[in-house]
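Here the structure comes first, spelled out in structure tokens, and everything after it is commentary.
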Amino acid sequence: MKKRKRETSHLIERVLHPANLTQACKEVVSNKGAGGVDGMKVSELKDHLDRNRNKLNECIMKCKYLPQP
């Protein structure tokens, strides 16, 4: 059980790595992805991620992230 938790934690850390999030953001913007149900425009994504990256990562790592419906 501990091995699985470590593997999951490692995967989350890889997903949340700044380079990975930056690349994902670039791909969404370059693909002209659709805005989300939260009403955020794709053009707002980079600034939002830059301002909130640390808080987002912390909430996810502590299992306290609650996405908006």
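Of all residues in the stretch 25-40, those being of a type in the set (A, V, I, L, M) and either surrounded by 11 or more Cβ atoms within 10 Å (Cβ to Cβ) or at positive phi (or both) number 3.
Number of residues in the stretch 41-69 that are in contact (Cβ under 8 Å) with a residue 12 or more places away in the chain and within 16 Å of residue 26 (Cβ to Cβ) equals 6.
No other residue among 11, 16 is surrounded by 10 or more Cβ atoms within 10 Å (Cβ to Cβ) and modelled with pLDDT of 90 or more apart from 16. Taking the stretch 41-69 as the range and being surrounded by 13 or more Cβ atoms within 10 Å (Cβ to Cβ) and either modelled with pLDDT under 90 or not polar (S, T, N, Q) (or both) as the test, the residues that pass are 42, 45, 46, 48, 49, 53, 56, 59, 60, 61.
The values are calculated or read from the model by the stated rules, or taken from the named source; none is laboratory data. Keep in mind that what you see is a predicted model, and the values were worked out from it rather than measured. Cβ atoms come from the backbone with ideal geometry, glycine included; neighbour counts cover every protein chain shown.
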